[in-house]
Amino acid sequence: AQSVTQLDSQVPVFEEAPVELRCNYSSSVSVYLFWYVQYPNQGLQLLLKYLSGSTLVKGINGFEAEFNKSQTSFHLRKPSVHISDTAEYFCAVRTTYTDKLIFGTGTRLQVFP
Amino acid sequence: DTGVSQDPRHKITKRGQNVTFRCDPISEHNRLYWYRQTLGQGPEFLTYFQNEAQLEKSRLLSDRFSAERPKGSFSTLEIQRTEQGDSAMYLCASSLNDREGEKLFFGSGTQLSVL
């Protein structure tokens, strides 16, 4: 079975500072990896995804993530955050054999002025 | 593209009552998913459809839960004999099944409170 671990439930950061949201996964087979964001009172939106190829993937709003197979990680980063980045961020995994996404418990990013 | 819409946005019910939620996916999307989310947790997979066929149902899902997608368009999720533990946000998502790059589009959810 697959699982996703997001170690940080909350990450407070000041505006314009860099941020990293951590995600580790467990799977015995190949996976696809995703980051979704949930802004207050909105549905989840896809930020970025890793399917294959380059391990560094770029998404919307200046976010990027790096797939590290040896460490089974897919950490999300942004070099300079904005107040509008305040949201809940979910890491998700799907194997190449199934069609359902397994989500982590989420990390709440709180950006302060 | 009007997005995925869910109705109602909020539902308050008494324990033991039946409730039904509706999801209207993006019109050209052939896949439709139901997830459940409780406070402090990520979305938990419940079931999904490809067109009108229900392809997978979570083993965690009680037989009090049933979902349909009769014409391959909108879907309903019914919970019979609700329990307080059913209180959660119920999310619907749709996608165009292009396999690898499948991107889910989520609705804003239906918040269920069972008293």
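Here are the numbers:
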quantity: Number of the exception - B:Gly72 against (1) under 28 Å from A:Leu51 (Cβ atoms); (2) within 13 Å of chain A (Cβ to nearest Cβ); calculated: (2)
quantity: Positions within the stretch B:8-35 being within 14 Å of chain A (Cβ to nearest Cβ), assigned to a strand (DSSP E or B) and open to solvent by 40 Å² or more (accessible area, probe 1.4 Å), in sequence order; calculated: B:His10, B:Asp24
quantity: Subset tally (residues that are acidic (Asp, Glu) and away from every other protein chain (no Cβ under 14 Å)) for the stretch B:75-115; calculated: 3
quantity: Subset tally (residues that are open to solvent by less than 60 Å² (accessible area, probe 1.4 Å) and of a type in the set (Asp, Glu)) for the stretch B:70-90; calculated: 2
quantity: Selection status of A:Arg94, basic (Lys, Arg) and in contact (Cβ under 8 Å) with a residue 60 or more places away in the chain; calculated: yes
quantity: Qualifying residues in the stretch B:47-69 (those that are assigned to a strand (DSSP E or B) and at the interface with chain A (Cβ under 10 Å from one of its Cβ atoms)) - the one most open to solvent (accessible area, probe 1.4 Å); calculated: B:Leu55
quantity: Condition broken by A:Phe103, with the remaining ones in (1) touching a residue at least 60 places away in the same chain (Cβ under 8 Å); (2) more than 14 Å from every other protein chain (Cβ to nearest Cβ); (3) closer than 11 Å to A:Trp35 by Cβ satisfied; calculated: (2)
quantity: Subset tally (residues that are closer than 29 Å to B:Gln6 by Cα, part of a loop (DSSP other than H, G, I, E, B) and either within 9 Å of chain B (Cβ to nearest Cβ) or free of Cβ contacts under 8 Å to residues at least 12 places away in the same chain (or both)) for the stretch A:25-41; calculated: 1
quantity: Qualifying residue in the stretch B:96-110 (condition: more than 15 Å from the chain's Cα centre (by Cα), over 20 Å from A:Ile60 (Cα atoms), without any contact (Cβ under 8 Å) to a residue 12 or more places away in the chain and surrounded by fewer than 21 Cβ atoms within 10 Å (Cβ to Cβ)); calculated: yes
quantity: Residues that are in a strand (DSSP E or B) and more than 22 Å from A:Glu88 (Cβ to Cβ), drawn from the stretch A:42-66; calculated: A:Leu56
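The values are calculated or read from the model by the stated rules, or taken from the named source; none is laboratory data. This structure is a prediction, so every number in the text was calculated from the model and none was measured. Note that each Cβ is placed from the backbone with ideal geometry, even for glycine, and that neighbours are counted across all protein chains shown. The protein model used for the area step is the full one, side chains on, heavy atoms only, and it has no ligands, DNA or RNA in it. Shrake-Rupley method; radii C 1.70, N 1.55, O 1.52, S 1.80 Å.
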